């Protein structure tokens, strides 16, 4: 009987550790080849049938839930581009907004008029005006402070940064993790490091806005070197990354550079 208190102590300690340790699990072990990412909104253009405009929105299909990450700056353009790509707003389950800039949140109101049955995840620091748009539409609002598992194989980094607070997302797969950023105001390298802490350091792809439009090219080279040191296999900068930065990644990553732009359909099976 003396062993019971000792065993109970071990059990409690084990439970405590399970709460404080990073969650590197991959849920249902998502097959990377099942994932399809469609760029619905971007200031770069991949398909001339779609309208390009300053901002970003990416549709993620192949998980247990269909995700819309950011909504661009103009709802009319977002919905028109979705229609041209054969994407139905009603098929979206979750909307995730990266940060409180209009080129990422501007399309949300019109989108919610088409589908208010979604869960909307926003950084906790978002202003009441944005929150009201969500709640008044009838959609379910969730405010994110810390990193969190949103569904099988889908994580948010939680709020990062100081002056401009932002969340990014991480998707875990059997071939490595995908990191998707809106503008990377907190620093793209810091976001990648945080993603690795949350979900493991097997980094298949980092994509989205890298916020390097006005960054000195020597610093860009350091960032590219950091990507490689961190083991990022594929890089796909777009939106606010800047032409020179995109060219630098393209030159350095070669066949492992991925071009994005409005209308791009990225089958992850093409990368593995």
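Table: residues versus (1) in a loop (DSSP other than H, G, I, E, B); (2) modelled with pLDDT under 95; (3) on the phi < 0 side of the Ramachandran plot; (4) touching a strand residue (DSSP E or B) at 6+ places or on another chain (Cβ under 7 Å).
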site: 142; (1), (2), (3), (4): no, no, yes, yes
site: 149; (1), (2), (3), (4): no, no, yes, yes
site: 163; (1), (2), (3), (4): yes, yes, yes, no
site: 221; (1), (2), (3), (4): no, no, yes, no
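Among 241, 269, 252, which is the only one that is touching a residue at least 60 places away in the same chain (Cβ under 8 Å) and either under 19 Å from the mean Cα position of the chain (by Cα) or surrounded by fewer than 22 Cβ atoms within 10 Å (Cβ to Cβ) (or both)?
On the way: 241 fails: touching a residue at least 60 places away in the same chain (Cβ under 8 Å); 252 fails: touching a residue at least 60 places away in the same chain (Cβ under 8 Å).
Step by step, each of 241, 269, 252 is checked, and only 269 is touching a residue at least 60 places away in the same chain (Cβ under 8 Å) and either under 19 Å from the mean Cα position of the chain (by Cα) or surrounded by fewer than 22 Cβ atoms within 10 Å (Cβ to Cβ) (or both).
Any idea which residue in the range 10-27 is modelled with the lowest pLDDT, counting only those that are surrounded by 10 or more Cβ atoms within 10 Å (Cβ to Cβ) and in a loop (DSSP other than H, G, I, E, B)?
26
Return the residues of the range 44-62 that are part of a strand (DSSP E or B), touching a residue at least 40 places away in the same chain (Cβ under 8 Å) and within 19 Å of residue 180 (Cβ to Cβ); say none if nothing qualifies.
Going through the range 44-62, the residues part of a strand (DSSP E or B) turn out to be 45, 56-61.
Within this subset, residues satisfying the condition of being touching a residue at least 40 places away in the same chain (Cβ under 8 Å) are 45, 56-58, 60.
Listed by number, the residues that qualify are 56, 57, 58, 60.
Which residues, counting only those in the range 231-247, are part of a helix (DSSP H, G or I), touching a strand residue (DSSP E or B) at 6+ places or on another chain (Cβ under 9 Å) and at negative phi? Quick ask: steps written out before the conclusion?
Taking the range 231-247 first, the residues part of a helix (DSSP H, G or I) are 239-241, 243-247.
Those left that are additionally touching a strand residue (DSSP E or B) at 6+ places or on another chain (Cβ under 9 Å): 239-241, 245-246.
Those that are part of a helix (DSSP H, G or I), touching a strand residue (DSSP E or B) at 6+ places or on another chain (Cβ under 9 Å) and at negative phi: 240, 241, 245, 246.
Out of the residues in the range 63-83 meeting the condition of being touching a residue at least 60 places away in the same chain (Cβ under 8 Å) and not in a strand (DSSP E or B), tell me which one is nearest to residue 141 (Cα to Cα).
Filtering the range 63-83 down to residues touching a residue at least 60 places away in the same chain (Cβ under 8 Å) leaves 63-65, 67, 69-70, 81.
If we keep only those that are not in a strand (DSSP E or B) too, we end up with 63-65, 70, 81.
Values: 63: 21, 64: 20, 65: 16, 70: 15, 81: 25 Å.
Across the range 63-83, the extreme among qualifying residues is 70.
Looking at 180, 191, which one is crowded, with 20+ Cβ neighbours inside 10 Å and part of a helix (DSSP H, G or I)? Step through it out loud before you land on a result.
On the way: 180 fails: part of a helix (DSSP H, G or I).
None of the other options fit; the residue is 191.
Inside the range 151-161, can you point out the residues that are assigned to a strand (DSSP E or B) and surrounded by 16 or more Cβ atoms within 10 Å (Cβ to Cβ)? Break it down stepwise before answering.
Of the range 151-161, the ones assigned to a strand (DSSP E or B) are 151, 154-156, 160.
Correct list: 154, 155, 156, 160.
Any residue in the range 125-143 that is within 19 Å of residue 162 (Cα to Cα) sitting within a Cβ distance under 7 Å of a residue that is surrounded by 11 or more Cβ atoms within 10 Å (Cβ to Cβ) and at pLDDT below 95? List the pairs, counting only those 6 or more apart or interchain.
none
Report yes if residue 175 is surrounded by fewer than 21 Cβ atoms within 10 Å (Cβ to Cβ), touching a residue at least 24 places away in the same chain (Cβ under 8 Å), in contact with a helix residue (DSSP H, G or I) (Cβ under 7 Å, 6 or more places away or on another chain) and not in a helix (DSSP H, G or I), otherwise no.
Working: surrounded by fewer than 21 Cβ atoms within 10 Å (Cβ to Cβ): yes; touching a residue at least 24 places away in the same chain (Cβ under 8 Å): yes; in contact with a helix residue (DSSP H, G or I) (Cβ under 7 Å, 6 or more places away or on another chain): yes; not in a helix (DSSP H, G or I): yes.
Here the answer is yes, as residue 175 does meet what is asked.
Go through 134, 170 for me and flag whichever is buried (at least 16 other Cβ atoms within 10 Å of the Cβ) and within 21 Å of residue 238 (Cβ to Cβ).
Numbers: 134 fails: within 21 Å of residue 238 (Cβ to Cβ).
Being buried (at least 16 other Cβ atoms within 10 Å of the Cβ) and within 21 Å of residue 238 (Cβ to Cβ) holds for just one of 134, 170, which is 170.
The values are calculated or read from the model by the stated rules, or taken from the named source; none is laboratory data. Everything numeric in this text was worked out from a predicted model, so none of it was measured. Neighbour counts are summed over all protein chains in view; Cβ atoms, including those assigned to glycine, are modelled from backbone coordinates with ideal geometry.
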